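Contents: one structure, followed by commentary.
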Amino acid sequence: MARRKKFYEGKAKILYEGPEPGTLVQYFKDEATAGNGQKKEVFEGKGVLNNRLSEFFMQGLNQIGVPTHFIRRLNMREQLIRQVEMIPLEVIVRNFAAGSMAQRLGLDEGAQLPRPIVEFCYKDDRLGDPLVPEEYILAFGWASQQDLDDIVALALRVNDFLSGVFHGVGIKLVDFKIEVGRIWDGEYPTLVVADEISPDSCRLWDIETGRKLDKDVFRKDLGSLTEAYTEVARRLGVLPSNVTHRPKPTLIN
Ligand code: TMP
């Protein structure tokens with residue numbers, strides 16, 4: 001493969017300079033991290049699954065007029081994306097109480113929220129991505145009031161789309177995280193969904209059994225992460241043919 005210039009490396013992905021100005025290549029790694037990088041493990045095939053799943057969701061969003069950075073998938077682990085100006089926030093949408101919200105407010109895991117709730121974390125690994133009020137975001141200039149209004153509208157559209165898609169395959173979308181970037185058209189900015197949408201950044205529970213099908217499987221040592229992600233991909237019909245996880249053959253005496 002021709003040498004190419006690394007633009008950025010994160011915990012689960014690497015960004016390389018793209019073939020044309022204004023584009024990047026997003027490479028999905030097999031590493032999973034939790035607890036702000038304290039827990040680390042490699043799951044063979046995770047990157048391939050997340051590349052496919054993120055393609056599936058971003059393409060679906062593009063098709064219903066929700067702009068994303070996604071252009072096209074290049075190969076098993078890479079996709080071509082638009083280079084955007086990242087807003088340094090993690091935008092979390094919650095439909096049911098779980099994770100840090102259930103802990104913070106003493107809510108039962110799985111309790112339905114009165115309506116979808118959007119919250120913001122400041123993206124800084126050294127600080128553990130702290131939850132921040134809008135007042136901080138505006139005062140420190142991380143985003144404007146107009147940006148925040150647009151981000152909430154965007155996040156709720158993504159929530160409606162993802163909730164429907166997952167519901168159709170028997171999965172409850174408990175919560176998820178997106179990241180948002182700015183693309184400039186002359187002097188006019190457009191906000192687009194960036195980064196990835198995959199079981200790494202969602203809480204997904206089987207509607208019938210409550211089985212967890214997301215990164216909590218790794219965070220809480222609940223079994224095979226790849227098996228859970230494969231199940232999500234299988235249900236959505238986006239399983240790449242060479243990442244099937246068949247049971248190992250057993251010897252018959
Ligand atoms: P939380 O309950 O731990 O705050 O997480 C809420 C949702 O956001 C959950 O689906 C996991 C996702 N998330 C990420 O993808 N990355 C992060 O850094 C954080 C804090 C949450």
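The values are calculated or read from the model by the stated rules, or taken from the named source; none is laboratory data. Owing to the predicted nature of the structure, the values given are computational and were not obtained by experimental measurement. With ideal geometry, Cβ positions are generated from the backbone for all residues, glycine too; neighbour counts draw on all protein chains shown. Only protein heavy atoms, including side chains, enter the accessible area calculation; ligands, DNA and RNA are left aside. Shrake-Rupley method; radii C 1.70, N 1.55, O 1.52, S 1.80 Å.
Given the criteria more than 14 Å from the ligand (Cβ to nearest atom) and assigned to a loop (DSSP other than H, G, I, E, B), does Leu191 qualify?
In short, no.
Hey, any hits in segment 120-135 for a residue that's under 20 Å from the mean Cα position of the chain (by Cα), hydroxyl-bearing (Ser, Thr, Tyr), within 13 Å of the ligand (Cβ to nearest atom) and farther than 23 Å from Lys220 by Cα?
Yes, that holds for at least one residue.
Specify which of the listed residues (Asp108, Asp150) is within 16 Å of the ligand (Cβ to nearest atom) and open to solvent by 60 Å² or more (accessible area, probe 1.4 Å).
The match here is Asp108.
Which residues, taken from segment 120-147, are in contact with a Phe, Trp or Tyr (Cβ under 8 Å, 6 or more places away or on another chain) and hydrophobic (A, V, I, L, M, F, W, C)?
Once the filter is applied, which keeps residues that are in contact with a Phe, Trp or Tyr (Cβ under 8 Å, 6 or more places away or on another chain) and hydrophobic (A, V, I, L, M, F, W, C), segment 120-147 yields Leu131, Val132, Ile137, Trp142.
What helices (runs of 4 or more DSSP H) lie completely within segment 88-177 and have 2 or more residues being within 22 Å of Lys11 (Cα to Cα)?
Per the criteria, 99-105.
Of all residues in segment 183-241, which are among the charged types (D, E, K, R), more than 15 Å from the chain's Cα centre (by Cα) and over 20 Å from Glu109 (Cα atoms)?
Correct list: Asp185, Glu187, Glu227, Glu231, Arg234, Arg235.
Could you grab me the full set of residues in segment 17-36 that are among the charged types (D, E, K, R) and in a loop (DSSP other than H, G, I, E, B)?
Glu20, Lys29, Asp30
Looking at segment 37-65 only, could you name the residues that are closer than 21 Å to Arg219 by Cα, without any contact (Cβ under 8 Å) to a residue 40 or more places away in the chain and assigned to a helix (DSSP H, G or I)?
Of everything in segment 37-65, those that are closer than 21 Å to Arg219 by Cα, without any contact (Cβ under 8 Å) to a residue 40 or more places away in the chain and assigned to a helix (DSSP H, G or I) turn out to be Gly47, Asn51.
Scan (1) of a type outside the set (Lys, Arg); (2) under 24 Å from Ser163 (Cβ atoms); (3) touching a strand residue (DSSP E or B) at 6+ places or on another chain (Cβ under 7 Å) for the single condition Phe57 breaks and write down its number.
(3) is the only condition that Phe57 fails.
Filter segment 166-180 down to residues that are touching a residue at least 40 places away in the same chain (Cβ under 8 Å) and within 16 Å of the ligand (Cβ to nearest atom), then give me how many there are.
10
Which of the residues belonging to segment 48-93 are open to solvent by less than 10 Å² (accessible area, probe 1.4 Å) and within 16 Å of the ligand (Cβ to nearest atom)?
Scanning segment 48-93 gives Leu49, Asn50, Leu53, Ser54, Phe57, Met58, Ile87, Leu89, Val91, Val93.
Here are some conditions: (1) within 15 Å of the ligand (Cβ to nearest atom); (2) hydrophobic (A, V, I, L, M, F, W, C); (3) open to solvent by less than 30 Å² (accessible area, probe 1.4 Å). Ala143 meets all but one. Which one does it not meet?
(1)
Which of the residues that make up segment 215-237 are open to solvent by less than 10 Å² (accessible area, probe 1.4 Å), closer than 18 Å to Glu44 by Cβ and within 16 Å of the ligand (Cβ to nearest atom)?
Of everything in segment 215-237, those that are open to solvent by less than 10 Å² (accessible area, probe 1.4 Å), closer than 18 Å to Glu44 by Cβ and within 16 Å of the ligand (Cβ to nearest atom) turn out to be Val217, Phe218, Leu225, Ala228, Tyr229, Val232.
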